[in-house]
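Notes to accompany the following structure.
What follows draws every value from the coordinates through simple rules; no lab data is involved. The model shown is predicted, which means the values in this text are computed figures rather than measured ones. Neighbour counts are summed over all protein chains in view; Cβ atoms, including those assigned to glycine, are modelled from backbone coordinates with ideal geometry.
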Amino acid sequence: MRQIFFSILLILGMNIAEAQDGSYIFVNQKISNPHLKDQSSITGDYARIAKLQDSIYEQINSFPRKFPTPVRPMPGNSFYYEIYYHEGEPEQQKGLLVFKYGRSDYSTVPIEESLDNLLSISLVDEEEDVYVQEIIKRSDLDAGYFFRKSRGTCFIVMHAKGGKTGNLTFMLDIRLPDAEKKAFVRDFINQTAFL
């Protein structure tokens, strides 16, 4: 329950920080990733988003929510996708990816600092060793992610480099064992490119 509360708090914080500079633009024109297919976009389909959130919650916790997620409009600056691990295979897992794109140039901000800022929100009353975290650096982007061991939500931050600008903040909810989640998130990061 506490993890859900802090996830909501983090999303609200991302909304406030980005809304202040009005830096939202259409993400599909600024990033490329084969996991983000047009037909997988559920942005604006509020009932589908709520149903998927409830389904993932039940998978992770082995029991349904006491009260279903309310069907309500989401902030206009959020992008929602169904995302799949082992798509089309019998062991396919469906997840929900929520992300924001910012035009601000974070190329001079160390990815470690951005990741630590997000992690500090989640660490309320918990030790850092209950989290899996990793930094990935490439010539065109820096990225970092973390998630609480044996839980569903993973937070990912990316900064463009190499003459491109932009930053991404993701929240991925998917039910996977820790090792598979790490592999999936690494693959997701490695297939992301700023345009």
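A few notes on this one:
- Amide N of region 146-186 lying under 13 Å from the label point, which is placed 7 angstrom from the Cα of residue 40 along Cα→Cβ: 172-174, 184-186
- Unsatisfied cross-links (Cα-Cα over 23 Å) in the set 30/149; 30/94; 37/137; 100/137: 30/149; 30/94; 37/137
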